[in-house]
């Protein structure tokens, strides 16, 4: 009979073989799992202008930058500011010196630790005129920042106390500092990598990121694929391991791809009435109020609107906002009678005035302004080319015609041309305006009308308004800040440099397989907060 | 022969230079600059942008700088897509547009040939009338109508092909756009080929061949086609140009990152360098196709030599 018992060395050999096979099986299962890990497919609008967090400006760039870079602070699913790379912070009693304590576990995607010096270097780069960072203005609250941006070498109010402690010195009290620091422009960038690769540093093969994801591939004008950053301090809680952002320039094309199952989350929705869209998409359609304000701007520096408040008020009163949001926009927008979205200002809902009353007041003001049906006003209304804008402006011109007898000349322009004309204030009369906030702060809107702002395309100037803004900038008490913001807004609206029409809504199609998508006022949805409903 | 080639090359270079000079002048004269952006809030940032990209320079110095870069194959940085230079964007976009164009042209002309042969063999018959009606219908349907309809049918309804974008394997994503491009060209190709075949059928050469009693197959393949093809081939250049311009529409509808899409986005964004790069690339493509068609005509038609 053959002896089938194993010697000790044979047993060990067998064990090794078994464990090797097991390991190989587990590894291949793991690899298969990894290869087949489901990728989140996101529609993202136009091609991002840059993946350099200090140079990216478009909304599409900001969406991706929030995934791959992180600053001292970040946002939670509701848009509230929470600790980011800094785990905690404190400020001096005068509010001018802030000390941030960085997480010891914070690392770049290449495994190198993120230190306070990295932030000092990052801020210095953002404020270097050679970087030409579009959002550099958000960092002008740092001491010496403006001089730096103008090419000076003044010491910057950012200092590394040690590797883990960063001290920021401000020009003035800045209540929204923590929100500013959550913007991509304030993120930690890998200055060593930037120095090594120069302009090529954002390429997929070179880029080193500081956020929850890193870039795997970038196919210009097509897709950007992200993969979970294993060195992210909270990588365990990041549920989706791969994300692919698709360039989707046309809303109808994007919806078609969503319908075909090629996209899990869209950037916007195709045009149409809310009811029809609800019937088509059901609960996949997610619409929520957002921090955006659509208004007509009025040029106060030239005829016919200069020095004619009654005329500006008449034009505003003649527009029926309720009809506009019901008939023209139709996707849940709220009629606007002031600049600040109510979800931001906390203002009470405006008292409803019957149309007949408003129209009678508009006609009286029109008369007082020196016009009548026999001697009507002819006004130019400029807007940038889009189907929605055309319908909106046509509706407004009809309302002005019916209520007042105003003759409107509609001028359709390309976006860049409109921007240039608005800024020059030479040929504009009434024009399409609007603002989407970067920060959930009334100042983000009110600052547009500051006298030194290049965004102030109306020529509005008021000492009282400027003074109110100055006080508001230094006010840390939220109740007092709200009161001041409303007072500044009232001062603005009293001069009527704008005719607010409605507040924007955020609109997305979300696959039922995605959980963790929370509507928030800034419409930010970082991929790290999303997960699959069925793992 | 050598002087002819040199003449063609010099002519081509002149055309390209003129194209760049005119294009840059047009771009500068259009209102709205590359950095007229709604959101740039500070004067310092705007000045830094203009300095970085040299848009504050005069026309002649911009043109000089652009041309000297172009000779070295450097088309400068893209104004809109800050992380790329134009040469890289073109390298990424060219293969897509070229594959799309080649596929579209092949679909159109290869499928048009048998149809045209069939129609030409039964001139005035029902089939001929049907073919002519179909080709006129296809020729007069714009691509922005056919392209979404094809996507609706084959992608959204039947789920056979992806509806837009670009992924792996690439041919899957190019099939529908190429078909959309091909449909209009098919209409044109059928008409051109049918006309050329009918003319060829009336020619003395064919009559002579027929008199010699060749079989129908031999008559068509060895005698009819060689006479008809050079006439049809002369239409390949306008057809290729139509495909190139048509791909701008199709690439938009199918979200394909080709030259057409780059052209549209660079025009809206006032991305001078990218737009010039696309124009130069399209110019080179048209010139090269023109040369190839001429060479092919010389080879096929001894009368031209």
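The values are calculated or read from the model by the stated rules, or taken from the named source; none is laboratory data. Quantities reported herein were computed from a predicted structural model and do not represent experimental measurements. All Cβ positions, even for glycine, are placed from backbone atoms using ideal geometry, and neighbour counts span all protein chains on display.
Among B:207, B:172, which is free of Cβ contacts under 8 Å to residues at least 60 places away in the same chain, closer than 28 Å to residue A:222 by Cβ and in a helix (DSSP H, G or I)?
Testing whether each residue is free of Cβ contacts under 8 Å to residues at least 60 places away in the same chain, closer than 28 Å to residue A:222 by Cβ and in a helix (DSSP H, G or I) leaves just B:172.
Within region A:121-135, is even one residue away from every other protein chain (no Cβ under 14 Å), without any contact (Cβ under 8 Å) to a residue 40 or more places away in the chain, surrounded by fewer than 19 Cβ atoms within 10 Å (Cβ to Cβ) and touching a strand residue (DSSP E or B) at 6+ places or on another chain (Cβ under 9 Å)?
yes
Which condition number does residue B:55 fail, the rest of (1) assigned to a helix (DSSP H, G or I); (2) within 14 Å of another protein chain (Cβ to nearest Cβ); (3) touching a residue at least 40 places away in the same chain (Cβ under 8 Å) being met?
That leaves (1) as the condition not met.
Would you confirm whether any residue within region B:101-108 is more than 27 Å from the chain's Cα centre (by Cα) and either buried (at least 17 other Cβ atoms within 10 Å of the Cβ) or facing chain A (nearest Cβ under 9 Å) (or both)?
No: region B:101-108 contains no residue that is more than 27 Å from the chain's Cα centre (by Cα) and either buried (at least 17 other Cβ atoms within 10 Å of the Cβ) or facing chain A (nearest Cβ under 9 Å) (or both).
Okay, residues lined up against (1) within 22 Å of the chain's Cα centre (by Cα); (2) farther than 25 Å from residue A:343 by Cβ:
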| residue | (1), (2) |
| --- | --- |
| A:258 | no, yes |
| A:262 | no, yes |
| A:267 | yes, no |
| A:272 | no, no |
| A:287 | yes, no |
| A:292 | yes, no |
| A:295 | yes, no |
| A:302 | no, yes |
| A:305 | no, yes |
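Examine region B:122-133 for a residue that is free of Cβ contacts under 8 Å to residues at least 12 places away in the same chain and within 14 Å of chain A (Cβ to nearest Cβ), and state whether such a residue exists.
Looking for residues that are free of Cβ contacts under 8 Å to residues at least 12 places away in the same chain and within 14 Å of chain A (Cβ to nearest Cβ), one finds none in region B:122-133, hence no.
Checking residue A:352 against (1) modelled with pLDDT under 95; (2) loosely packed, with under 14 Cβ neighbours inside 10 Å; (3) part of a helix (DSSP H, G or I), which single condition isn't satisfied?
That leaves (3) as the condition not met.
Quick check: anything in region A:242-250 in contact (Cβ under 8 Å) with a residue 24 or more places away in the chain and over 22 Å from the mean Cα position of the chain (by Cα)?
yes
Every residue in region A:207-231 that is away from chain B (no Cβ under 11 Å) and under 23 Å from residue A:533 (Cα atoms), please.
Within region A:207-231, A:212, A:213, A:226, A:227, A:228, A:229, A:230 qualify.
In region B:144-174, what residues are more than 14 Å from every other protein chain (Cβ to nearest Cβ) and modelled with pLDDT under 85?
Across region B:144-174, the qualifying residue is only B:169.
Considering region B:35-50 alone, what residues qualify as being more than 7 Å from chain A (Cβ to nearest Cβ) and surrounded by fewer than 17 Cβ atoms within 10 Å (Cβ to Cβ)?
B:50
Report, by residue number, each residue of region A:447-474 that is away from chain B (no Cβ under 14 Å), closer than 20 Å to residue A:341 by Cβ and assigned to a loop (DSSP other than H, G, I, E, B).
A:458, A:460
Does residue B:84 meet the test of being within 14 Å of chain A (Cβ to nearest Cβ), out of contact with any helix residue (DSSP H, G or I) (no Cβ under 7 Å at 6 or more places or on another chain) and at pLDDT 85 or above?
yes
Part of a loop (DSSP other than H, G, I, E, B), at the interface with chain A (Cβ under 7 Å from one of its Cβ atoms) and surrounded by fewer than 19 Cβ atoms within 10 Å (Cβ to Cβ), is that true of residue B:32?
Taking the combined requirement at face value, the residue satisfies it.
Quick check, is residue B:256 outside any helix (DSSP H, G or I), in contact (Cβ under 8 Å) with a residue 40 or more places away in the chain and within 14 Å of chain A (Cβ to nearest Cβ)?
Against the criterion (outside any helix (DSSP H, G or I), in contact (Cβ under 8 Å) with a residue 40 or more places away in the chain and within 14 Å of chain A (Cβ to nearest Cβ)), residue B:256 qualifies.
Considering (1) within 14 Å of chain B (Cβ to nearest Cβ); (2) more than 22 Å from the chain's Cα centre (by Cα); (3) buried (at least 21 other Cβ atoms within 10 Å of the Cβ), say which one residue A:147 fails and leave the rest.
Evaluating residue A:147 over (1) within 14 Å of chain B (Cβ to nearest Cβ); (2) more than 22 Å from the chain's Cα centre (by Cα); (3) buried (at least 21 other Cβ atoms within 10 Å of the Cβ) leaves (3) as the failure.
Sort through A:411, A:422, A:390 and tell me the only one that's modelled with pLDDT of 90 or more, part of a helix (DSSP H, G or I), touching a strand residue (DSSP E or B) at 6+ places or on another chain (Cβ under 8 Å) and surrounded by fewer than 21 Cβ atoms within 10 Å (Cβ to Cβ).
Answer to the check: A:390.
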